[in-house]
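Colleague: Provided herewith is a single structure, encoded as structure tokens, for subsequent inquiry.
Computed from the coordinates by the stated procedures, all read-outs in this text should not be read as laboratory data. Here the structure is a predicted model, which is why all the values come from computation and not from measurement. We place every Cβ from the backbone using ideal geometry, glycine too, and count neighbours over all the protein chains shown.
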Amino acid sequence: MTNDKPGIAAIQMCSGADVATNLELAGELLADAARQGAALAVLPENFAIMGANETDKLAVAEHDGNGPIQDFLATTARAHGLWIVGGTVPLASTDPDRVYPTCLVYDDHGERVARYDKIHLFDVGLPDSRESYRESATFVAGDPTPVVIDSPFGRIGLSVCYDLRFPELYRALASAGAEIVVAPSAFTHTTGRAHWHVLTRARAVENLTTLIAPNQTGHHPSGRRTYGHSLIVDAWGQVTAEAQSEDNEVVVDTIDRNRQQELRAGFPCLTHRRLP
């Protein structure tokens, strides 16, 4: 059975170096989302740890299917009857010096229903800035296979942060039937200020999908500053809800699935494609 107007939430966090503290905060925010009527809640990238050093996550990496972060997601989903998208969780790889940045989805019974390993890694130097990042030093990129799953709210496509700059992924998700796309993120303040709104709105409108984009916010132990402005964009590319502060915040909205279907029927750009 599907819900034609489900409540959805983007959870904005300023995560730090201590996993237990971050999980306690995430639990409070998820409980708030449930109280506000959300049936689907999405946590930001790196919600469980943003340490002083990029290697800090290696010490708390979990094996697939076992560990306190995964247990927290399952238990919280079950306790609130809430579908939860677990931003990214550091999952062990065969390389002891690198982990997978893994997006996990749990249904309202606490059962894991999807795993997506972030495809695109943020190896960049920012123009006119000393900021540079090399995620590939501590992360392993996932196989370039789009992940779309069924849910009571429609088909959900999974993506993470830097993926937003690669429209071919979102077109593949739409081609696989995605009606909702999640993009848990930790956008830097510099890139967020320049590109966050244009990228999220473009990915939504070009595929006529609802996009849920929770972001990290504020200053983190490494000195990194993230942009916040967690938001929800509708299938017409309009920002329908957005965080109003740089603090931890719950952004809640609803999806009108009937309206989305009307848009796709009356403005069928997805069927007008001439290139593969």
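Colleague: Full-extension gain between residue 258 and residue 59, please, as 0.36 nm times their residue separation minus the C-alpha to C-alpha distance.
Modeller: 67.1 nm
Colleague: Next question. When DSSP beta bridges are limited to those with both residues in the chain, what percentage is antiparallel, rounded to the nearest 5?
Modeller: Rounded to the nearest five, the antiparallel share is 65 percent.
Colleague: Expressed as a fraction of 2.2 N^0.38 Å, the rule-of-thumb size for a compact globular protein of N residues, what is the C-alpha radius of gyration of segment 148-213?
Modeller: Details: Rg = 11.4 Å, N = 66, 2.2 N^0.38 = 10.8 Å.
The reported ratio for this selection is 1.06.
Colleague: Identify, among 245, 121, 166, the residue whose Cα sits farthest towards the positive end of the charge dipole of the chain, taking +1 on the Cβ of Lys and Arg and -1 on the Cβ of Asp and Glu, with the dipole about the Cα centre.
Modeller: 166
Colleague: Can I ask one more? Where does each of 58-71, 106-119 land if you order them by average Cβ count within 10 Å, highest first?
Modeller: Output ranking for 58-71, 106-119: 106-119, 58-71.
Colleague: Taking 0.36 nm per residue of sequence separation and subtracting the Cα-Cα distance, how much length would be gained by fully extending the chain between residue 113 and residue 150, in nm to one decimal?
Modeller: Extra length available between residue 113 and residue 150 comes to 12.4 nm.
Colleague: Just to compare against my own numbers: the Cα pair-distance distribution for segment 2-151, 10 Å bins, whole % per bin, please.
Modeller: Using 10 Å bins, I get a P(r) of 11, 40, 33, 13, 2 for segment 2-151.
Colleague: Taking the dipole about the Cα centre of the chain, with the C-beta of Lys and Arg at +1 and of Asp and Glu at -1, give me whichever of 34, 189, 221 is farthest to the positive side.
Modeller: 189
Colleague: Separate question: How much of the DSSP bridge set in segment 142-276 is antiparallel, in percent, rounded to the nearest 5?
Modeller: If I count the DSSP bridges inside segment 142-276, around 65 percent turn out antiparallel.
Colleague: Could you go through segment 91-100 in sequence order and give the Karplus-derived ³J(HN,Hα) for each residue, using 6.51 cos²θ - 1.76 cosθ + 1.60 with θ = phi - 60°, rounded to whole Hz, and x for Gly and Pro?
Modeller: Each residue of segment 91-100 in turn: 10, 4, 10, 6, 9, x, 9, 9, 10, 7 Hz.
Colleague: Hey, another quick one. Please list, ordered by chain and number, the residues whose modelled amide H lies under 5 Å from the amide H of residue 113; skip anything fewer than 5 residues away on the same chain.
Modeller: Excluding prolines and chain starts, which carry no amide H, the hits are 105, 106, 107.
Colleague: Sticking with this one: What share of all Cα pairs of segment 1-89, in percent, falls into each consecutive 10 Å distance bin?
Modeller: Going out from 0 Å in 10 Å bins, segment 1-89 shows 17, 50, 25, 7, 1 percent.
Colleague: To the nearest Å, what is the center-to-center distance of segment 1-26 and segment 240-256, using C-alpha atoms only?
Modeller: If you average the Cα positions of each part, the centres end up 11 Å apart.
Colleague: Also, I was wondering about something else. Gap in Å between the Cα centre of segment 139-201 and the Cα centre of segment 43-92?
Modeller: Taking the Cα centre of segment 139-201 as reference, the centre of segment 43-92 is 19 Å away.
Colleague: Right, another one. Using Cα-Cα distances under 8 Å and only pairs 6 or more residues apart, what relative contact order does segment 11-68 have, in percent? Before the final figure, lay out the partial values.
Modeller: Values: 45 pairs, mean separation 26.1, N = 58.
Relative contact order of segment 11-68: 45 percent.
Colleague: Which value, in nm² and rounded to one decimal, describes the direction-averaged projected area of the C-alpha convex hull of segment 176-255?
Modeller: 5.4 nm²
Colleague: In whole Hz, what ³J(HN,Hα) sequence does segment 149-158 give by Karplus (6.51, -1.76, 1.60; θ = phi - 60°), x for Gly and Pro?
Modeller: Karplus values, whole Hz, x for Gly and Pro: 10, 7, 8, x, 9, x, 7, 10, x, 10.
Colleague: Please list, in order along segment 130-147, the HN-Hα scalar couplings obtained from phi with the Karplus expression 6.51 cos²θ - 1.76 cosθ + 1.60 (θ = phi - 60°), rounded to whole Hz, x for Gly and Pro.
Modeller: After applying 6.51 cos²θ - 1.76 cosθ + 1.60, I find 8, 5, 8, 9, 9, 4, 5, 5, 10, 10, 9, 6, x, 4, x, 10, x, 10 Hz.
Colleague: Mean-square fluctuation check for the chain, GNM, Cα pairs under 10 Å: which of 47, 153, 166 is largest?
Modeller: Comparing 47, 153, 166 in the GNM, the peak value goes to 166.
Colleague: Hey, another quick one. Over segment 7-271, what is the relative contact order in percent, taking alpha-carbon pairs closer than 8 angstrom and at least six residues apart?
Modeller: 21 percent
Colleague: Please say if segment 7-271 is rounded, prolate or oblate, where rounded means a/c under 1.5 for a ≥ b ≥ c the square roots of the C-alpha gyration tensor eigenvalues, and otherwise the choice is prolate for a/b larger than b/c and oblate otherwise?
Modeller: Verdict is rounded for segment 7-271.
Colleague: Now a separate question. How many nm separate the modelled label positions at residue 3 and residue 94, each set 7 Å beyond the Cα in the direction of the Cβ?
Modeller: Calculated label separation equals 4.1 nm.
Colleague: Can you give the calculated 222 nm mean residue ellipticity of the chain, where each DSSP H run of n ≥ 4 adds -39,500 (n - 2.57) and the sum is split over every residue, rounded to the nearest 500 deg cm²/dmol?
Modeller: The helix contribution divided over the chain gives -8000 deg cm²/dmol.
Colleague: Residue 31 to residue 222: extension gain in nm, 0.36 nm per residue of separation minus the Cα-Cα distance?
Modeller: Computed gain between residue 31 and residue 222 is 65.9 nm.
Colleague: Here's another thing I want to ask about it. Using 7 Å Cα-to-Cβ label points, what is the residue 52/residue 240 separation (nm, one decimal)?
Modeller: Using points 7 Å along Cα→Cβ, the separation is 4.4 nm.
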